[in-house]
Each structure stands twice: as structure tokens, then as C-alpha cells.
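The block underneath contains the structure these notes are about, expressed in C-alpha cells.
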């Protein structure tokens with residue numbers, strides 16, 4: 001990839017925040033799920049649909065220099081359609097923290113030609129200083145009706161492992177297995193970790209299914225996003241985990 005990028009469409013909320021925090025004004029299109037930083041709707045960026053159903057015609061009409069996507073969050077047919085229309089697409093892959101830091105550098109510095117942002121160095125330093133407080137066995141629901149949990153090879157699972165939380169389903173054959181709530185309720189664990197996205201678990205919606213287990217309500221943005229939130233994620237997540245014990 002070469003040449004200055006002045007018109008960028010992001011199909012990933014994490015990357016939207018990363019680009020907007022590093023170079024305000026580059027984004028001309030973002031998804032309906034892009035919520036950070038605040039003020040996106042007043043920045044001139046056009047909403048182009050969801051991460052799973054982007055409006056390809058609307059995106060191409062924006063004449064972007066680059067579309068940034070993710071192999072998990074976005075569908076291969078949509079990426080293929082954009083490329084077939086002559087749009088350049090950079091697809092990231094993020095399964096663990098070091099990979100996230102490398103991919104963020106690839107997007108911001110390599111593809112967009114920006115100076116490496118300070119927040120990226122701060123995020124790397126924050127996680128380098130993490131010392132797990134202890135070993136906890138937990139499972140991590142990400143959806144209900146049906147119940148789904150974090151399985152193998154996930155970015156969120158890697159972050160939790162670095163904080164001393166062992167995911168009971170880390171060796172499952174699937175990355176996001178469906179597990180009957182009866183099985184979850186009977187699981188031998190120290191803690192249930194309930195993020196507020198993609199399903200919005202709250203004190204009134206989630207913990208009641210596991211009355212005999214402590215439940216940690218955690219910020220989904222700090223657990224699953226790879227962007228500026230990574231700099232404060234260790235402290236935010238550790239506080240939520242500690243409060244539940």
C-alpha cells in the first residue's frame with residue numbers, strides 16, 4: 001500500500017476509535033455500531049450500515065482511499081464485493097494482545113502513514129506491567145437466548161488470561177460455543193464474567209441465572225475492543241474482577 005490516505009471507511013468499531021483518536025477527519029464512513037469517540041455523527045462521517053451488513057454501494061459512493069475491516073467482525077462476501085468494485089480493503093486479524101498491537105501499528109502507521117500514536121505506546125506499557133493477582137476459573141457468557149460463551153482462541157480470552165482468569169471453555173473446539181445454561185450453572189468455577197457487549201448483561205439481566213456464583217460485570221469495550229481503550233483496560237478490568245470476589 002502506498003500514497004497518502006485522506007478518506008477512510010471503518011467497518012470495525014475498535015478501529016473507528018483508533019483512527020478517530022489518532023487522525024480526526026480521516027473517517028468518511030463508519031458503521032452503525034461505532035460509538036467511540038463521541039461526536040462521530042457530527043464529524044462528517046456517514047453511517048454505512050452494520051458490521052455484518054454494510055451498504056457496499058454507499059461505501060463506494062464515498063470514494064474511500066481505504067476501507068479497514070476485520071476477518072471476524074466482517075463478512076468475506078462484503079469484503080469481496082468492495083474489492084470487486086475497485087475499493088482497497090485492509091483486513092485485520094486479532095486473536096491475542098500482541099497481534100492487536102501489531103495490527104494497530106499496521107493500520108495506523110503502515111497503511112495510513114501516521115506517526116505512531118502515544119496511546120498505542122501507553123497501551124503496550126500498561127499491559128507489560130500487568131501482574132495477575134491470582135488464578136481464577138471462570139466462564140464468560142457473551143449472549144443469552146441461546147447462551148453462548150467465549151471458547152478457544154479469542155482476544156477477550158487472552159486479555160482475561162493475562163489478568164489471571166482461566167476460561168473454562170478455552171479448549172473448546174468452537175470459538176463461541178453454545179452451552180446450555182444448566183451446564184453453565186453446574187460448572188465448577190470461581191467467577192462468572194459478564195460483559196455489557198455484544199449482549200448487554202446488567203445486574204438485573206444475567207447474574208440471576210447463576211445465583212451460587214459471584215458475577216463480575218465488566219466493560220465490553222475494555223474487554224473486546226482493540227484501540228485507545230487498551231491503555232486503561234488492565235486497571236478497569238482488574239477493578240471489576242476484584243469487586244466481584
Kindly provide the set of residues from the range 180-204 that are farther than 14 Å from residue 156 by Cβ, in a loop (DSSP other than H, G, I, E, B) and either touching a helix residue (DSSP H, G or I) at 6+ places or on another chain (Cβ under 6 Å) or touching a residue at least 40 places away in the same chain (Cβ under 8 Å) (or both), ordered by number. 187, 188, 189, 190
Cross-chain or 6+ apart pairs with Cβ under 9 Å, the range 28-51 first and at positive phi and at pLDDT below 95, then part of a loop (DSSP other than H, G, I, E, B) and loosely packed, with under 14 Cβ neighbours inside 10 Å: 44/25
Would you confirm whether any residue within the range 177-184 is under 23 Å from residue 94 (Cβ atoms), under 15 Å from the mean Cα position of the chain (by Cα) and not assigned by TED's automatic domain parsing to the domain that holds residue 37? no
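Only one of these is modelled with pLDDT under 95 and farther than 26 Å from residue 120 by Cα: 244, 209, 216. Name it. So that I can check it myself, show each step before the final result.
Values: 209 fails: modelled with pLDDT under 95; 216 fails: modelled with pLDDT under 95.
Exactly one of 244, 209, 216 is modelled with pLDDT under 95 and farther than 26 Å from residue 120 by Cα, namely 244.
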Of the criteria (1) surrounded by fewer than 18 Cβ atoms within 10 Å (Cβ to Cβ); (2) within 26 Å of residue 123 (Cα to Cα); (3) touching a strand residue (DSSP E or B) at 6+ places or on another chain (Cβ under 7 Å); (4) in contact (Cβ under 8 Å) with a residue 40 or more places away in the chain, which one residue 95 fails: (3)
Quick check on the range 127-137: of everything there that is in contact (Cβ under 8 Å) with a residue 60 or more places away in the chain and not in a loop (DSSP other than H, G, I, E, B), which residue is surrounded by the most Cβ atoms within 10 Å (Cβ to Cβ)? 136
Right, residue 152: touching a residue at least 12 places away in the same chain (Cβ under 8 Å) and either surrounded by fewer than 13 Cβ atoms within 10 Å (Cβ to Cβ) or assigned by TED's automatic domain parsing to the domain that holds residue 216 (or both) or not? yes
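For the structure I just gave you, tell me whether residue 23 is under 15 Å from residue 114 (Cβ atoms) and under 21 Å from the mean Cα position of the chain (by Cα).
When the stated conditions are applied, residue 23 passes them.
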Quick one: is residue 218 within 26 Å of residue 69 (Cα to Cα), outside the structural domain of residue 97 (by TED's automatic domain parsing) and touching a strand residue (DSSP E or B) at 6+ places or on another chain (Cβ under 6 Å)? yes
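Among the candidates 203, 145, which residue alone is touching a strand residue (DSSP E or B) at 6+ places or on another chain (Cβ under 8 Å) and either assigned by TED's automatic domain parsing to the domain that holds residue 37 or over 24 Å from residue 13 (Cα atoms) (or both)?
Details: 145 fails: touching a strand residue (DSSP E or B) at 6+ places or on another chain (Cβ under 8 Å).
Checking each option against the conditions leaves just 203.
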Counting only residues that are touching a helix residue (DSSP H, G or I) at 6+ places or on another chain (Cβ under 9 Å), surrounded by fewer than 17 Cβ atoms within 10 Å (Cβ to Cβ) and over 21 Å from residue 71 (Cβ atoms), the range 1-38 contains a total of 2
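The values are calculated or read from the model by the stated rules, or taken from the named source; none is laboratory data. Since the model is a prediction, treat every value here as computed from it, not as a measurement. Here Cβ is always computed from backbone atoms with ideal geometry, including for glycine, and neighbour counts include all displayed protein chains.
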